[in-house]
Structure formats: C-alpha cells, structure tokens
Amino acid sequence: MKQNRNPPPVYKPTFKQRLSALSNLPAFFKLVWQSSPKKTFFSFFFRILRSAMPVALLYVGKLIVDEVIILNTSGGLNDTTYLWELVGLEFLLAIITDGLNRIVSLLDSLLGDSFSNHTSVKIMRHAAILDLEQTEDSEFYDKLERARQQTLGRTMLLSQVMGQIQDLISMAFLIGGLFTFNPWLIAILVLTILPAFLGESYFNNQNYSLTRSQTPERRELDYLRYLGASDETAKEIKIFNLADFVINRFKKLSDKFYKDNTKLAKRRAFWGGFFSILGSTGYYGAYVFIIIRTINGQLSVGDLTFLAGSFRQLRTLTEGILLRFTTISQGAIYLNDFLDFFEIQPNIVVNKNPIPFPNPILKGFTFENVGFKYRHSENWANRHLNFTLNPGETLALVGENGAGKTTLVKLLARLYEPTEGRILLDGIDLKEYDPKDLQQNIGVIFQDYLRYQMTLSSNIAVGNISELNNLELIKTAAKASTADTLAEKLPNNFEQALGKRFNNGVELSGGEWQKVALSRIYMKESQVLILDEPTAALDARAEYEVFQRFSQMTKGKSAVLISHRFSTARLADRILVLDKGELLEIGTHSELLELKGRYAELFALQARGYQ
C-alpha cells in the first residue's frame, strides 16, 4: 500500500464536452429498453399523461374562481350546478394526478432495479471475456470501479431524463397559456433562471472532476475499510497491532476527501443562494405586473390565479429543467466511464476457425524461446524458455519466489499471451486453439485459490460448474483430495455452508480449505493438471495422502507442479529450475543432483533444515 502517490491529472470537461456527452443518451436508453421493454414503455406513457395535469388543474381553478365571482356579484341568483361540476372535475384531476405520481414512482423504482441488475450482469459478462493480464492492471481496475459506480448511479440518471421529458411537455402547455396573455413573461422567466443554470453547470463540472480524480484513492479507502473490519484480516491486525496504522491512514484519506468536498459544497451553497434570490426577484416582478393588470381590469381574478399559478409552476419547472440539464449532461459524461469499459477488448484473440483440442495429446506442449513481460514493466517475468512438457509427464517447477513459476503455467493455460516466442501443442501454435476449449482440458489450482462463501458441494463443483448437481462426481473429487473426511465431520455434510460471511457457516482451517480447493481439479477429465503449491497448508501425513492419490489420478496425463518442497518436486518425472524467469536447469532429481548446480544447492539447504 503506497503512502505517497502522484495524484492523477484532474479532468475538467468543458461545457461543449458536456453537450457532446448527451450523445451517450441513445446508448443509455437502449440499455434501459433492453433491461425491461414493458416497464420502459409504460413509464413514458404515464409520464405523458402526468405532464398534462398541471395546466389542466390551473385552468379548472381559474374557471372556479371566475364562476365564484360571478355568483357573488349576482347575489346567488345564478344556478351553482356548473360551479360544483368544476369542483368535482378538479377533485377528479387531483386524484388522477396523485395516482399517476404513484404509478410513475413505482415504475421508476422497478425500472431502476431492472436496469441496475441488467447492467451489473453486462459488466460481469464483459469482465469475464477480458484477459487476466488486463484484470491485474490498476488502470483497468479504475475503469471497472467507475463502471460499477455508474451501474448504481445511472438509475438516478434514468429517473432524471424521464422526469425531464415529462416536465418539458408540461412546460409546453404552460407556455402556451402564458404566451396568449403576454410573451414578455417568458423572457423575464428565462433571464432570471439562466444564471442559476450556468452556476449549477459549473459546480457539477467541478464535482465530476473531483470525484474522478479521487477514484484510485477511494479504492484504497475501501481496502482500508476492509482491512480494519474483516474476519479475514482480524488476526494479523491484532497480532501486529496494526489497528492504529490502518485507522490513521483511513482518517488521512477520508479527511482529505471531506476537506475537498466541503470546500466545493460551501462555494456551491453560497452561489446557489445568490442565484435563488435573483430568480425570486424576477418571479415577484412578473407577479406584480400581473396584479397591476388585474387591478386595471385588463385581467379577471381567475386570469390572475391562472397566470400567477402558471408563472410559478413554469418558473419551478424551468429552473428544474435547466438545473436538471446540467445534472443530466454531467451524468452523460459519467456514462463515458460506463461505456468506455465496454470498449476494452481482450488482447488474446480467439481464432475464427479454431482446431479442436487433441484427445489424446500426442506430442505435448513445446515452449520456443518464450518470453513474457507485464504491462508497464521493464523487467521480463519469463524469457528464453525452451522446453517440452511431454504427454503423460509430470514436470516440477522449482525456483525462488519471483522466479516466474506461476507466470509460466499461466502462459501454458493461455491466461497470458507470450510477449515473444510461441507455445506449441502437438506442433501447432496455441493461438490456433479456442482458449475455452484449451482451459476446459486443463485443471488448475493456484496457490491463491478462492474460498467461496458457499456450500461444500458448490465449493468443489466450481472446478466444473456444469456438474453442480452431480453429487456422485463431487464425492469422487472430494475423495481424491481427501476432503471426503472433512465432509463427514460437518453438520450438514456436503450441503454445509462454508465461511463466516453468512448465517450458519462453518470456517475451515487453512489445510481444510486447501483440500476443498484440490477437489476442484478432479471435477473434470482434464488432460493436463497444474498444481501451484498444492500442499503448502497440509501437514506431512495429509501431503503424503494427497500425492499418493494424485499419482494415481495423473497416470496417462501431463502434470505441472509448483512447489518449494523438494519432497514433492522429486516425485516428478523431470524438474525445471527457474532463476529470474529463465530456465536454469532441467532434468530428473538424480541428474540435477549430479549436476551440482542450483537445484543441488537448494536441495542441500532444505535437507539440512530437516536434520
């Protein structure tokens, strides 16, 4: 965790860029429609009905006022039937308006949930097709994090855009009424609201720039929050007395965010208040103008009621539309973050006409001068690799930490693409095979395997999820890794929930989790098995049992073992020694001891530790 970092350049979109960002809205509404066509249609339909209600209520109110005055001046001689019909109509319109409001709110809520779920699935599906190297890059994670934020935040944009459409239709009705009496009222309205619109536009721009610049540090803030309050980190936080360190770092970052956000919020509040006063002044100036015309007999009291109400509502609508426009345009810029994520394409290209994976493998995997360099790195993780993994052969990879062992097996499984050189399978470049077909025929358990907060059976079945309901296969896989004895001890056997995240879950020891993870490799008939430190958390007896069964399961199959234990490595047919990513030595255990090179040196050092 870096204590000091160079802050990313602050991105401040211009007004022109915000307008340009509105071009994202068609793609946005396409996603909305895809999430639920029926809800989208009815949301628009009921909003159009709702938009006509304000002017209808105001006009009926005008008629009521005029009718009351007529009845009052006539001394009650006229029939009041028309008046009560108008009151009944206004009552009905009020009920309809309330009903439409509730229907629209319900549809917004349901559509927002549908959209959020739809886009979350879309993000997960797209993330799944990207390369492993891309997912390990910090820049990618910033884009992914921003896309995730937009999945939740854009439901608000959806409501705002649809509300904008509704208000624009309402405005059209109200403007028609005002324009009939005096067009100058519209001009006054625009002039008093325009400054507030420009002010909100400016501060939304500042807020976006600030939020975007904080993305990497906010990810660190979330990580610190996890470190400081998690069952998985609690023991090290306590034993190393890290609580104050984590809390202080969290406070430093959170206080910085608070300070920056407070400074912007204060400026926004001040100017917002100023522009609000300006708008109120314009509104009451127009109100006085209408009152004077009514006193002079140019307008009726009903007209006064209608115009004053229309002007007030139009002012509120116009102000809301202009301010919402800045929010929508800002939200449309945020959509760039969401849509940009889907522009990321994997570098590992799938051949349009892939050849089928060989069954059985005849010649094995051949590395021809293979090298790999991580993005943004000047150093080679692997280089000048030249060797063959023969069919049915077990190959152990040995070397110090950082020697490139795990990178090598990721290249073998085509999780990474070589930076230079090529890897052949039965004499054909791996690029000619479908990566999914290749990986279906390779069983891999990495050292940093996941501990799924699921049932024991699901934890094992992830090795071949299509067999999730095949309990017999799951039990067979568990037996192969000796996890069957663990199942017997659990209260609910294979249906016992593991981990403490959910209710009634049972936490396992490191060795028990490792047995569960090892079971996954036996869930499918893979022609190649790869184990990255498969027995690191097991005791000597459990390790012996695992490898006895592993030897039986790998007969006729190719296997790669990564291990720091030479008692494990010597079981392999050949041992490949890596140093700084390059092949240093390769041969059998006996051959490498006779060579008296690096392997013999490391073997002697480890053997001395057991004496």
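The values are calculated or read from the model by the stated rules, or taken from the named source; none is laboratory data. All of these numbers come straight from a predicted model, not from anything done at the bench. No Cβ is skipped: glycine too gets one built from the backbone with ideal geometry, and neighbour counts run over all protein chains shown.
Taking region 440-463 only, how many residues are closer than 25 Å to residue 414 by Cα, over 25 Å from the mean Cα position of the chain (by Cα) and either in a loop (DSSP other than H, G, I, E, B) or of a type outside the set (Gly, Ala, Ser) (or both)?
Residues meeting the conditions: 7.
From the list 48, 70, pick out the single residue that is among the hydrophobic types (A, V, I, L, M, F, W, C), surrounded by fewer than 19 Cβ atoms within 10 Å (Cβ to Cβ) and closer than 20 Å to residue 313 by Cα.
48 is the lone residue from the list that is among the hydrophobic types (A, V, I, L, M, F, W, C), surrounded by fewer than 19 Cβ atoms within 10 Å (Cβ to Cβ) and closer than 20 Å to residue 313 by Cα.
If residue 414 satisfies every condition in (1) under 30 Å from residue 567 (Cβ atoms); (2) crowded, with 21+ Cβ neighbours inside 10 Å but one, which is the exception?
(1)
Just name the residue that is nearest to the chain's Cα centre (by Cα) out of those in region 361-385 that are over 17 Å from residue 411 (Cα atoms) and modelled with pLDDT of 90 or more.
The qualifying residue nearest to the chain's Cα centre (by Cα) is 361.
Show the residue pairs meeting these rules: Cβ distance below 9 Å; 6+ apart or different chains; first residue within region 475-500 and assigned to a loop (DSSP other than H, G, I, E, B); second residue aromatic (Phe, Trp, Tyr) and modelled with pLDDT under 90.
Close Cβ pairs satisfying both conditions: 481/522; 481/550; 499/452.
Out of (1) surrounded by 14 or more Cβ atoms within 10 Å (Cβ to Cβ); (2) touching a residue at least 60 places away in the same chain (Cβ under 8 Å), what's the single condition that is false for residue 138?
(1)
Those residues that are polar (S, T, N, Q) and either farther than 23 Å from residue 443 by Cα or surrounded by fewer than 17 Cβ atoms within 10 Å (Cβ to Cβ) (or both), I need them from region 490-530; list them, please.
Once the filter is applied, which keeps residues that are polar (S, T, N, Q) and either farther than 23 Å from residue 443 by Cα or surrounded by fewer than 17 Cβ atoms within 10 Å (Cβ to Cβ) (or both), region 490-530 yields 492, 493, 496, 503, 504, 509.
Search region 103-119 for residues that are touching a residue at least 12 places away in the same chain (Cβ under 8 Å) and pair each with any residue that is surrounded by 16 or more Cβ atoms within 10 Å (Cβ to Cβ) and outside any helix (DSSP H, G or I) when their beta-carbon atoms are under 9 Å apart and the residues are at least 6 apart or on different chains.
Between residues of region 103-119 that are touching a residue at least 12 places away in the same chain (Cβ under 8 Å) and residues that are surrounded by 16 or more Cβ atoms within 10 Å (Cβ to Cβ) and outside any helix (DSSP H, G or I), the close pairs are 110/36; 111/36; 114/36; 115/36; 118/36.
Please verify whether region 388-398 includes one or more residues that are crowded, with 18+ Cβ neighbours inside 10 Å, among the hydroxyl-bearing types (Ser, Thr, Tyr) and closer than 20 Å to residue 444 by Cα.
Scanning region 388-398, I find at least one residue that is crowded, with 18+ Cβ neighbours inside 10 Å, among the hydroxyl-bearing types (Ser, Thr, Tyr) and closer than 20 Å to residue 444 by Cα, so the answer is yes.
Residues being hydroxyl-bearing (Ser, Thr, Tyr) and in contact with a Phe, Trp or Tyr (Cβ under 9 Å, 6 or more places away or on another chain): count how many of those fall in region 125-148.
Number satisfying all stated conditions: 1.
Take the residues of region 292-308 that are without any contact (Cβ under 8 Å) to a residue 60 or more places away in the chain, on the phi < 0 side of the Ramachandran plot and loosely packed, with under 14 Cβ neighbours inside 10 Å: which is nearest to the chain's Cα centre (by Cα)?
292
Got a number for residues in region 346-399 being more than 30 Å from residue 606 (Cα to Cα), touching a residue at least 40 places away in the same chain (Cβ under 8 Å), part of a loop (DSSP other than H, G, I, E, B) and of a type outside the set (Phe, Trp, Tyr)?
Adding up the residues that qualify gives 19.
Considering each residue of region 101-135, count those that are farther than 25 Å from residue 348 by Cβ and among the hydrophobic types (A, V, I, L, M, F, W, C), and give that number.
Qualifying residue count, region 101-135: 7.
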